[in-house]
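Working notes, structure below.
The values are calculated or read from the model by the stated rules, or taken from the named source; none is laboratory data. Since the structure is predicted, the reported quantities are computational estimates derived from the model, not experimental observations. A quick note on method: Cβ atoms are made from the backbone with ideal geometry, for glycine too, and the neighbour counts reach across all protein chains shown.
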Amino acid sequence: MNCQTCGERPASVHLTQIVNNQVTTQHLCDRCAEEKGVETSSTVAKFPLSDFLASMGSGSKADDPETQSAVKCGSCGSTIQDFRETGRLGCPGCYDAFRGHLKDLLRRLHGATRHVGSPYFGQTEEDSSVPSIFDLRQQLDRAVEREDFELAARLRDQIRGLE
């Protein structure tokens, strides 16, 4: 199928537009699509993660080359520029060393620097006095073996409550 605009080149872009339940389809070549302002796979640049990260901080004071080379991780010696080039931090100490830069990046990417989703309700150090479901199931098995059905019923209810 040839391009509907120029009629010369093969159509590689197929636009479908729905307006007021009216469907219109256009078949365009890359050149005509580009002239109409449609971004095609050949015109869209494919940036690696490092280019994306480098562009995220542009315009901020954290983007100054002096600042980037001055801030180094005390543990591994990597800089914020290393992070921007590779997209990876060097060690756990980098999170503390680059805290300000990472907060700016998170704010731009996610709109916030704090997690606002559903909390994780796993066992924490404060709950360590509460037995885990695994421990309760082991106790339940032992109670059933001993035929202590009252204890088994309590353990069963406790397990259901935790689940």
Check your understanding: Residue check, R99 against (1) loosely packed, with under 15 Cβ neighbours inside 10 Å; (2) modelled with pLDDT under 85, all met but one. Which one?
Key -> (2)
Check your understanding: With respect to the numbered conditions (1) under 19 Å from R108 (Cα atoms); (2) at pLDDT below 55, which one is the sole condition not fulfilled by A45?
Key -> (1)
